[in-house]
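**Student:** Quick one: this structure, given as structure tokens, is what I'll be asking you about.
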Amino acid sequence: MTSLFLINILMALAWAAVTGSFSEINLAFGFVLGTIALYLIREQVGTTAYFSRVGKAFNLAATFVYELVLSAWRVATIVVRPKIELQPGFIAYPLTVDRDFEITMLANLITLTPGTLSVDVSADRKTLYVHCIDVPDPQATIDDIKNGFERKILEVFR
Amino acid sequence: MSSLDAFADAYLAWAVKASLGILSVSFLIIVYRIVRGPSLPDRVVALDMLVAVGIGFIAAVGLLTGYYLYIDIAITLGLVGFLATVAFARFILNRGVAGDATIMDEVKDSIRRREAGQ
Amino acid sequence: MSAVVTILAGTMLVIGALFALVASIGIVRLKDVYMRTHAASKAGTLGSGLMLIALAVYAADLAVATRALAGVIFFLLTAPISAHLLAKAAYEAGYRPCADTKEDAMAEVFPQKD
């Protein structure tokens, strides 16, 4: 996984050396060419996992940006209402991911998604306490996170 | 083509002025929250937001003057603001756990507000 | 081409400023510190990030764009952390949420002290 990424960078450097220009754009172009070359031989050297993982990471990043815009829009529509009627609440979210890095990632993603803000992790790392700005149905919010971000994080990092 | 260019320049000048105006209004609104309180965490949240508005100001001024070194200043301001917020959070946590008199008063205030149904 | 880029940068600048305005209105209108943190961490981050990206788009220079992108990623990483730390510190210090808060799963972990 990491070695393939290093090979990709080496290919970019080789491209820059061959073409005789170490400008950023040429390096980036060499990186893209190296990726294409690795993609062409994916069956022979077993780089299929590399590409599916990179694809999933991009998918996670795209979801993240989309959710951030959505959540900012939702906060915007909430605060410009003439009368703010909300049911905020703290909910306990049972964690499936257990590594520190994954919990950090999930907590950060939860904070930047619509209407939720991670507040605390329990001492045994099984529960994440989340503050929701409007939570008429806690179970629905928990299911949303479980089927959205947590599954994507598991796909990328497992 | 040149008429489109002229329109784009006029539009950009208008956009920078409009965003500077909007940011000034939000600056004043946030200052209201800082003065009003009612508690220390409220003020810290408002100060954190003030840094975000400051970064917006820097970006708008950078567009106005075409002086791109402002981006580095914006990143530095963001770093300092983040560190300040973290330090304030530690302060609130430590003083709150230690039972600081001022913070305890504010906590009692918040409990009273909650029971009064506000 | 450059006219289109200029118009795009101007539009992003105004949209970012509007998000910052909405975040500050949220800070004033929402009821307790936890809800105010929502407004500051989401709309505020998006607002300042959009304005930095507008500057990068207008500059159309790779060095400037890289720095602006690094700055935006930095804000995206730090905003949730500061929001989380503040909310946690406020709750552990004992600040109660507003009366509309019906669900409070954290009340059993940090019982009210007085």
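The values are calculated or read from the model by the stated rules, or taken from the named source; none is laboratory data. Computed from a predicted structure; not experimentally measured. With ideal geometry, Cβ positions are generated from the backbone for all residues, glycine too; neighbour counts draw on all protein chains shown. Surface accessibility is based on the protein's heavy atoms, side chains included, excluding ligands, DNA and RNA. Shrake-Rupley method; radii C 1.70, N 1.55, O 1.52, S 1.80 Å.
**Student:** Would you work out which of A:Thr116, A:Leu70, A:Ile103 lies farthest towards the positive end of the dipole of region A:49-157? Charges go on Cβ: Lys and Arg +1, Asp and Glu -1.
**Tutor:** The residue sitting most towards the positive pole is A:Leu70.
**Student:** Can you give the accessible area of A:Ile7, probe radius 1.4 Å, in Å² rounded to 10?
**Tutor:** 80
**Student:** Do the alpha carbons of any pairs in A:Lys126/B:Lys108; B:Lys108/C:Lys31; A:Lys146/C:Lys42; C:Lys42/C:Lys88 sit beyond 23 Å of each other, and which pairs? Provide the component values of the computation, followed by the final result.
**Tutor:** On the way: A:Lys126/B:Lys108 31 Å; B:Lys108/C:Lys31 17 Å; A:Lys146/C:Lys42 21 Å; C:Lys42/C:Lys88 17 Å.
Correct reply: A:Lys126/B:Lys108.
**Student:** Another question about this same structure. Helix A:24-40 versus the longest principal axis of chain A: what is the Cα-based angle in degrees, 0 to 90, to the nearest 10?
**Tutor:** Helix A:24-40 sits roughly 90 degrees off the main axis of chain A.
**Student:** As I understand it, the dipole of the protein assembly as shown uses +1 on the Cβ of Lys and Arg and -1 on the Cβ of Asp and Glu, about the Cα centre. Which of A:Thr48, A:Ala14, C:Val5 lies farthest toward its positive end?
**Tutor:** It is C:Val5.
**Student:** Dipole magnitude of region B:2-115 about its Cα centre, charges +1 at Lys/Arg Cβ and -1 at Asp/Glu Cβ only, in debye to the nearest 20?
**Tutor:** Details: 10 positive and 10 negative charges, 89 e Å.
Result for region B:2-115 is approximately 420 debye, rounded to the nearest 20.
**Student:** Now for a different question. When Cβ neighbours within 10 Å are restricted to other protein chains, what is their mean count per residue of peptide A:93-100? Before the final figure, lay out each step's value.
**Tutor:** Numbers: counts 1, 0, 0, 0, 0, 0, 0, 0.
Counting other chains' Cβ atoms within 10 Å and averaging over A:93-100 gives 0.
**Student:** Are there any trypsin sites (Lys or Arg not before Pro) in region A:115-146 that are in a DSSP loop and have at most 13 other Cβ atoms within 10 Å? List them by number.
**Tutor:** Details: sites: A:Arg125, A:Lys126, A:Lys146; in loops: A:Arg125, A:Lys126.
Answer by residue number: A:Arg125, A:Lys126.
**Student:** Ok, one more. In terms of the Cα gyration tensor, with a ≥ b ≥ c the square roots of its eigenvalues, is the protein assembly as shown rounded because a/c is under 1.5, prolate because a/b exceeds b/c, or oblate? Write out the running numbers ahead of the final one.
**Tutor:** Working: a/c = 2.23, a/b = 1.33, b/c = 1.67.
Oblate.
**Student:** Tilt of helix C:62-93 relative to the longest C-alpha principal axis of chain C, in degrees (0 to 90, nearest 10)?
**Tutor:** 10
**Student:** Moving on. Let me know the shape class of region C:2-96, please: from the alpha-carbon gyration tensor, a ≥ b ≥ c as square roots of the eigenvalues, rounded when a/c is under 1.5, otherwise prolate if a/b is greater than b/c, or oblate.
**Tutor:** On the way: a/c = 6.75, a/b = 2.00, b/c = 3.37.
Since a/c reaches 1.5 but b/c is at least a/b, the shape of region C:2-96 is classed as oblate.
**Student:** Among C:Tyr95, C:Ala39, C:Leu52, flag the residue with its Cα farthest along the positive direction of the charge dipole of region C:35-108, charges on Cβ as +1 for Lys/Arg and -1 for Asp/Glu.
**Tutor:** Most positive-ward Cα: C:Leu52.
**Student:** Still on this model: What shape does region A:49-157 take by its C-alpha gyration tensor, where a ≥ b ≥ c are the square roots of the eigenvalues and a/c under 1.5 counts as rounded, a/b above b/c as prolate, and the rest as oblate?
**Tutor:** Working: a/c = 2.61, a/b = 1.40, b/c = 1.87.
Oblate, since a/c reaches 1.5 and b/c is not below a/b.
**Student:** I would also like to ask the following. Hey, what angle do you get for helix B:40-65 against the long axis of chain B, alpha-carbon based, 0 to 90 degrees rounded to 10?
**Tutor:** With both axes taken from Cα atoms, the answer is about 10 degrees.
**Student:** Next question. Among A:Met11, C:Met35, B:Met104, what's the order by accessible area (1.4 angstrom probe), most exposed first?
**Tutor:** Details: A:Met11 65, C:Met35 10, B:Met104 40 Å².
So the residues, ranked largest to smallest area, are A:Met11, B:Met104, C:Met35.
**Student:** Which value, in debye to the nearest 20, gives the size of the charge dipole of the protein assembly as shown about its Cα centre, when Lys and Arg are +1 and Asp and Glu are -1 at the Cβ? List each step's numbers first, then the result.
**Tutor:** Details: 32 positive and 33 negative charges, 60 e Å.
Dipole magnitude for the protein assembly as shown comes out near 280 debye.
**Student:** Any idea what the dipole of chain C comes to, in debye rounded to 20, about its Cα centre with Lys/Arg Cβ at +1 and Asp/Glu Cβ at -1? Before the final figure, lay out the partial values.
**Tutor:** On the way: 9 positive and 8 negative charges, 38 e Å.
Taking the Cα centre of chain C as origin, the dipole is about 180 debye.
**Student:** Can you give the average number of partner chain beta-carbon atoms within 10 Å of each beta-carbon in peptide A:126-137, as a whole number? Spell out each step's value before the answer.
**Tutor:** Working: counts 0, 3, 0, 8, 2, 15, 5, 8, 3, 3, 2, 0.
For this peptide, the per-residue mean of nearby foreign Cβ atoms is 4.
**Student:** If I ignore ligands, DNA and RNA and count only protein heavy atoms, how much of B:Trp14 is accessible to a 1.4 Å probe, in Å² to the nearest 10?
**Tutor:** Accessible surface of B:Trp14 is approximately 150 Å².
**Student:** Using a 1.4 angstrom probe with every protein chain in place, what is the largest-first accessible-area order of A:Val69, A:Val79, B:Val51, B:Val97? Mind dumping the intermediate values first?
**Tutor:** Working: A:Val69 70, A:Val79 0, B:Val51 35, B:Val97 95 Å².
Largest to smallest exposure gives the sequence B:Val97, A:Val69, B:Val51, A:Val79.
**Student:** Now for a separate question. Run through region C:9-114 and list the GluC sites (Glu not before Pro) located in a DSSP loop whose Cβ has at most 11 other Cβ atoms within 10 Å.
**Tutor:** Here no loop site has a sparse enough neighbourhood.
**Student:** Oh, and also: With n ≥ 4 as the cut-off for DSSP H runs, can you work out [θ] at 222 nm for the protein assembly as shown, using -39500 (n - 2.57) per run divided by the number of residues, rounded to the nearest 500?
**Tutor:** Working: 15 runs with 285 residues, N = 390.
That calculation yields -25000 deg cm²/dmol at 222 nm.
**Student:** Loop-only chymotrypsin sites (Phe, Trp or Tyr not before Pro) in region B:17-101, please: DSSP not H, G, I, E or B, and at most 16 other Cβ atoms within 10 Å.
**Tutor:** Values: sites: B:Phe27, B:Tyr32, B:Phe57, B:Tyr67, B:Tyr68, B:Tyr70, B:Phe82, B:Phe88, B:Phe91; in loops: B:Tyr67, B:Tyr68.
Answer by residue number: B:Tyr67.
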